[in-house]
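The values are calculated or read from the model by the stated rules, or taken from the named source; none is laboratory data. This one's a predicted model, so the numbers in the text were calculated from it and none came from an experiment. Glycine gets a Cβ as well: all are built from the backbone with ideal geometry, and neighbour counts include every protein chain shown.
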Amino acid sequence: YGDFNQKIDYVFKVVLIGDSAVGKSQLLARFARNEFSVDSKATIGVEFQTKTLAIDHKTVKAQIWDTAGQERYRAVTSAYYRGAVGAMLVYDMTKRQSFDHMARWLEELRGHADKNIVIMLIGNKCDLGSLRAVPTEDAQEFAQRENLFFMETSALESTNVETAFFTVLTEIYRIIS
Ligand code: GDP
Ligand code: MG
């Protein structure tokens, strides 16, 4: 009911991509509903959630799309990327392989999405610091080379989740306004 009669100035589609189990669905749950569940089930069917927020006195509706267990390479369809103005490229900082796969996720994203798309590289699960398998510097270097924003987050502890989404949405706003 919060949205009732609210004038929406912009709708921004943002897609979540990255390997299975890196925490995409929990990042979305944390951002959209401030929830986290330890035993999250794999999502079935393409789904998105929305969150309405104010940027520069405008009302922006963020429409965040979550892959639905299609995380195998090339299984995400072009419909998923269509119209996206932002992307969260998520790896699990305790799983080196999920970071090594970022390059091909990025390639696939760039092959499908608008060339002005705003991209944030996210190293999730930073609450598991003692299990870290990806040094911050490696990710920073990749992000710098590929011209991506970068943040380490924890959906579990809420660290940097709002900031990451807000940074992307604000940058999208800056580009289109
Ligand atoms: P997805 O397949 O990328 O959507 O990953 P999920 O969001 O389903 O999360 C996969 C598993 O990682 C689940 O057991 C989550 O509870 C767990 N998880 C997600 N985010 C975090 C986090 O920030 N910290 C920790 N410790 N676990 C997380
Ligand atoms: Mg999921």
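Condition check ((1) surrounded by 18 or more Cβ atoms within 10 Å (Cβ to Cβ); (2) outside any loop (DSSP other than H, G, I, E, B); (3) polar (S, T, N, Q); (4) within 15 Å of the chain's Cα centre (by Cα)) across all residues:
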{"site": "123", "(1), (2), (3), (4)": "yes, yes, no, yes"}
{"site": "134", "(1), (2), (3), (4)": "yes, no, no, no"}
{"site": "144", "(1), (2), (3), (4)": "no, yes, yes, no"}
{"site": "151", "(1), (2), (3), (4)": "yes, yes, no, yes"}
{"site": "162", "(1), (2), (3), (4)": "no, yes, no, yes"}
Quiz item: residue 141 versus (1) modelled with pLDDT of 95 or more; (2) within 18 Å of residue 55 (Cβ to Cβ): which is the lone unmet condition?
Solution: (2)
Quiz prompt | Where a residue in region 150-177 is in contact (Cβ under 8 Å) with a residue 24 or more places away in the chain and within 17 Å of residue 65 (Cα to Cα) and its partner, wherever it lies, is surrounded by fewer than 17 Cβ atoms within 10 Å (Cβ to Cβ) and of a type in the set (Ser, Thr, Tyr), with Cβ under 9 Å and at least six apart | solution = 172/10
